[in-house]
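Heads up: the structure comes next, in structure tokens.
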Amino acid sequence: MTAFDSLMSITLAPYAAHPSASRGRVHDEPAPEGRDAFQRDRDRIVHCTAFRRLEYKTQVFVNHEGDLFRTRLTHSIEVAQIARSVARRLRLNEDLAEAISLAHDLGHTPFGHAGQDALNRCMQPWGGFEHNLQSLRVVDELEERYGAHDGLNLCFETREGILKHCSASHAAHLGELGRRFIERTQPSLEAQLANLADEIAYVNHDVDDGLRSGLLRVHQLHEVALFGHHHREVLKLFPQVSERRQIHETVRRMINELVTDLTTHSGWRIAERAPADIAAVRASVPLVGFSDAVAQRARDLKRFLFENLYRHYQVVRMTNKAARIITELFEAFVADPRLLPDDHRRRAERDLHRAIADYVAGMTDRYAIREHRRLFSFDEA
Ligand code: MG
């Protein structure tokens, strides 16, 4: 154990993921200098191509609809911020929580969930398309940055966190990494945390973006306890400031309530179970979570967003267009793989449909729109 490792083991709780006890990488590498294995993973993620593409991928609103809406990149950064602050309070591994958060959406298609659903429909006869599996595929296979291997060769713990969900049929082909979906055990606390940080980030920024876009109205949101409670308080404290500032004050307080509850309740559950190490964490019930009351408030907000924002007719019009673009691109490439750019065509010789799904999934919103025009319109070459 180096001096750095022993310092880490003082600051980290015994139940945290310790980099010196990592289950390792698929391809052996010498240990990094000046940083640990999870910090190296985080750095590899920040430098990869798929990470930069997140800037031009939709969260709910298509990238060109406005400059102020969240993209997958800003979403991922918000997730990492939340995960890190909770990780520090619980003495979990901040770097691992950050690495998982920054990578969790790398496999997302253009146009958010509409894109993913369309691509999944196209891929049904060939194993389907799941964005969590695709995020893993990006870091394991698709990134081309190293001479010696495909992918980023990340640690087991980082890959475990990236693979948040997985169907049992896919899990069977994933070896060690798929085991927990078959045996129904838990991932590290850092992975459990990144998952909930994702939820805290998106419900709150979707409220903010939904109001900013005008698709949601403040008075509608008063039916949601989490929003209504804080908004009423803000109106009392700051009756004179602009509505926009009142919304920001409200969202800030909502995030704070969720983060504080998550930290307190998880800390309490961990203390109660007192897992001796990460192996005990894996064998335990989930230990990172909200209290029942706050979990219910978060569920109510999610339901509200589902009914009022994600199903808003203007969002549905956009998602419909997006689904059509994805489906038409996929079908055009299947019908004539010669349309594919050279490197993707070479991959297609090995596995036609998966290579096309990889190509389409890797597109940014605007690239997909342009590629669609190039294939279907005479106005663009
Ligand atoms: Mg996410």
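Would you please name the GluC sites (Glu not before Pro) within the range 95-188 that are DSSP coil residues with at most 13 other C-beta atoms within 10 Å of their C-beta?
Passing both the DSSP loop test and the Cβ count: 144.
Take the Cα of residue 252, step 7 Å along the line toward its Cβ, and report every residue of the range 216-244 whose backbone nitrogen sits under 16 Å from that point.
Residues 230-244 qualify, since their backbone N sits under 16 Å from the label point.
How far is the Cα center of the range 243-258 from the Cα center of the range 94-116, in Å?
A separation of 24 Å, based on Cα centres.
Using the Cα gyration tensor of the chain, with a ≥ b ≥ c the square roots of its eigenvalues, what is the shape: rounded (a/c below 1.5), prolate (a/b larger than b/c) or oblate (neither)?
oblate
Which residues does a label at residue 121 reach in the range 294-333, if reach means a backbone N under 19 Å from a point 7 Å past the Cα toward the Cβ?
310-333
Can you list the residues of the range 117-147 with backbone N under 16 Å from a point 7 Å past the Cα of residue 167, pointing along Cα to Cβ?
117-135
Quick one: which residues, 5+ away or cross-chain, put their amide H under 5 Å from the amide H of residue 364? H built at 1.01 Å from N.
Amide H neighbours of residue 364: none.
Taking θ as phi - 60°, what are the ³J(HN,Hα) couplings along the range 22-34 by the Karplus curve (6.51, -1.76, 1.60), each to the nearest whole Hz, with x for Gly and Pro?
Values per residue, Gly and Pro as x: 4, 7, x, 10, 4, 9, 4, 9, x, 4, x, 10, x Hz.
In whole Hz, with x marking every Gly and Pro, tabulate ³J(HN,Hα) for the range 291-304 from phi via Karplus 6.51 cos²θ - 1.76 cosθ + 1.60, θ = phi - 60°.
Here the 3J(HN,Hα) series is 5, 4, 4, 6, 4, 5, 4, 5, 5, 4, 5, 4, 4, 4 Hz.
Extension gain residue 279-residue 375, at 0.36 nm per residue separation less the Cα-Cα distance, in nm?
The residue 279-residue 375 span can extend by a further 29.4 nm.
Net charge around residue 234, counting only other residues with Cβ within less than 10 Å of its Cβ (Lys, Arg = +1; Asp, Glu = -1)?
Taking every Cβ under 10 Å from that of residue 234, the sum is +3.
Please report 35, 350, 244 as a ranked list, fewest other C-beta atoms within 10 angstrom at the top and most at the bottom.
350, 244, 35
Got a sec to turn the phi values of the range 162-173 into Karplus ³J(HN,Hα) couplings, 6.51 cos²θ - 1.76 cosθ + 1.60 with θ = phi - 60°, whole Hz, x for Gly and Pro?
5, 7, 5, 10, 6, 6, 4, 5, 6, 4, 4, 9
Per DSSP helix of 4 or more residues, -39500 (n - 2.57); summed, then divided by the residues of the chain. What does that give at 222 nm, rounded to the nearest 500?
Taking each H run of at least 4 residues, the total per residue is -19000 deg cm²/dmol.
Would you mind ranking 11, 319 by Cβ crowding within 10 Å, fewest neighbours first?
Ascending number of Cβ neighbours within 10 Å: 11, 319.
For the range 163-320, what is Rg from Cα atoms divided by 2.2 N^0.38 Å, rounded to two decimals?
Dividing the Cα Rg of the range 163-320 by 2.2 N^0.38 Å gives 1.26.
Counting other beta carbons within 10 Å of each residue's own, what order do 302, 164 fall into, fewest first?
302, 164
Only the coordinates and a few stated rules stand behind these numbers; no lab work does. On a predicted model such as this, the values are computed, not experimentally measured, just so you know. Positions of Cβ are generated from backbone atoms using ideal geometry, with glycine treated the same way; all protein chains shown enter the neighbour counts.
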